[in-house]
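Notes for the one structure printed next.
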Amino acid sequence: MDLPAAARKLQSLRSLMTGHTDRSEERRILELFIGATAAELNHLLLNVDLDVLFGDVDDRVVGPDNLTALLELLCVKRAPELGLPVRAALITALQKGETPGLAERMVRALFLGLRGRELSEFKNLLDGRGNSHDLQQLLFHDVDDGSIRQDILTHIQREAAAAPSGENKVLSDIDDTFLANWKDTRYPPKTVYPGVLQFYRELDRGPGVIPGREGDLTFISARPQDPLGLIEDRTLATLREHGVSSAVMLSGAFTHLLGNSRIATMKFENFSRYLQLYPEYGFVFTGDSGQGDVAFGERMLTEHPESVRAVFIHDVVETPESVRMTWRAKRIFFFDTYIGAAVEAFEVGVIARDGVARVARAAREDLERVPFTSDSQRQSRVAELERDSRRAEAITGTPRAG
């Protein structure tokens, strides 16, 4: 790419977008994009404010439909020349505010122009933006036209059948699964459970010698979603503050806050939509025994046994061993510590042997930093961890340091 020429074109574009944009300026903007090389086109779109651009160029009641011409140029005619980050940036701009019919048609064009691994990567890019405007929000809420939505979902399903990824999406609850925040009084409130972050990493990494792609963690929660996504965005920010660098959030609804069966139903509805978005993936779920997650996990396994690899349940209600064994036969594994969860995950084939050792090491280090309120509380948790550490050692053959 001729950098000076690209810089001049970007400067010209920004100048044309300054102040009111009349018809002649809109036409010059179109001509600038038409005449750009592929490299210049990507450079322009990555360095201009697309929200402002799409707001400056208009369709008119009488006169040229310059916005339609611009979007068709970028999202249809020249889309094959665009990199995936540029395509994702276009989707982000189209998704903001109301999504009219023109924008929905352009969204469809951007999806249908991709196949196989590129399509999977594109979906993950859209889900990696760190806010409530994720892939599920886009296709199940912002796209109102049912036929357009179905065209996209059919394309996703067809491409998944042609190129399954073999990787797992890691689904997790938040309260009493990621951090103590509901029924679990064994830890100080808001404590992130020892080893949980490393457990997520190992599930994301997978059981193979070559690690899977990073960033496949999705939280599926009963926490409600408001129309503006403020609660979801705040929850994602809180997760980042507690060490989760990248995640997607599938939220619940205010009407499903009460009752375990309602919570389980809401989570399953969310999972069913998410499965339509990522049919090329397998799924593992981690929840707790206090809020409908066992029922949710059982339904996942019953209705989608070919897609759901395993369900892990953090036990916060002292489930008897005989009951745990009954659930274990259904691929629902109860655990007390994340070292125990890692042992179960290795035995069912979703994390690697050395992943067990990494979770065990992280859990012991994390436990040292927990501000317990009493020595008896600390000693009880240490005893649990020591017990599960011995199980891990039997697998890894790695004795504890010290």
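Of all residue pairs spaced 6 or more apart or on separate chains, those with beta-carbon atoms under 8 Å, a first member in region 41-59 that is within 16 Å of Cys75 (Cα to Cα) and at pLDDT 95 or above and a second member that is among the basic types (Lys, Arg) and assigned to a loop (DSSP other than H, G, I, E, B) are Leu41/Arg78. Just to be sure before I move on: is Gln198 of a type outside the set (Lys, Arg), part of a helix (DSSP H, G or I) and under 30 Å from Val316 (Cα atoms) in the structure I sent? Criteria met by Gln198.
Conditions (1) at pLDDT 95 or above; (2) surrounded by fewer than 19 Cβ atoms within 10 Å (Cβ to Cβ), marked per residue:
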{"residue": "His155", "(1), (2)": "yes, yes"}
{"residue": "Ala161", "(1), (2)": "no, yes"}
{"residue": "Pro164", "(1), (2)": "no, yes"}
{"residue": "Val170", "(1), (2)": "yes, no"}
{"residue": "Asp175", "(1), (2)": "no, no"}
{"residue": "Phe178", "(1), (2)": "yes, no"}
{"residue": "Asn181", "(1), (2)": "no, yes"}
{"residue": "Arg186", "(1), (2)": "no, yes"}
{"residue": "Tyr193", "(1), (2)": "yes, no"}
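Of the residues contained in region 316-326, one or more are found to be surrounded by fewer than 22 Cβ atoms within 10 Å (Cβ to Cβ), on the phi < 0 side of the Ramachandran plot and basic (Lys, Arg). Contact map, region 76-90: first residue on the phi > 0 side of the Ramachandran plot, second residue of a type in the set (Lys, Arg) and open to solvent by less than 20 Å² (accessible area, probe 1.4 Å), Cβ cut-off under 9 Å, separation 6 or more or different chains; the map is empty.
Can you name the residue in region 260-288 that is in contact with a Ser or Thr (Cβ under 7 Å, 6 or more places away or on another chain) and in a loop (DSSP other than H, G, I, E, B) and is also surrounded by the most Cβ atoms within 10 Å (Cβ to Cβ) among such residues? The extreme case among them is Glu280. Among the residues of region 328-345, none is identified as among the aromatic types (Phe, Trp, Tyr) and open to solvent by 50 Å² or more (accessible area, probe 1.4 Å).
When the residues of region 280-329 are filtered to those that are of a type in the set (A, V, I, L, M) and more than 18 Å from Val343 (Cβ to Cβ), the one that is farthest from the chain's Cα centre (by Cα) is Val323.
The values are calculated or read from the model by the stated rules, or taken from the named source; none is laboratory data. Computed from a predicted structure; not experimentally measured. Ideal geometry is used to build each Cβ from the backbone, glycine not excepted, and the neighbour counts take in all protein chains shown. Accessible surface is based on the protein model in full, side chains and every heavy atom, while ligands, DNA and RNA are left aside. Shrake-Rupley method; radii C 1.70, N 1.55, O 1.52, S 1.80 Å.
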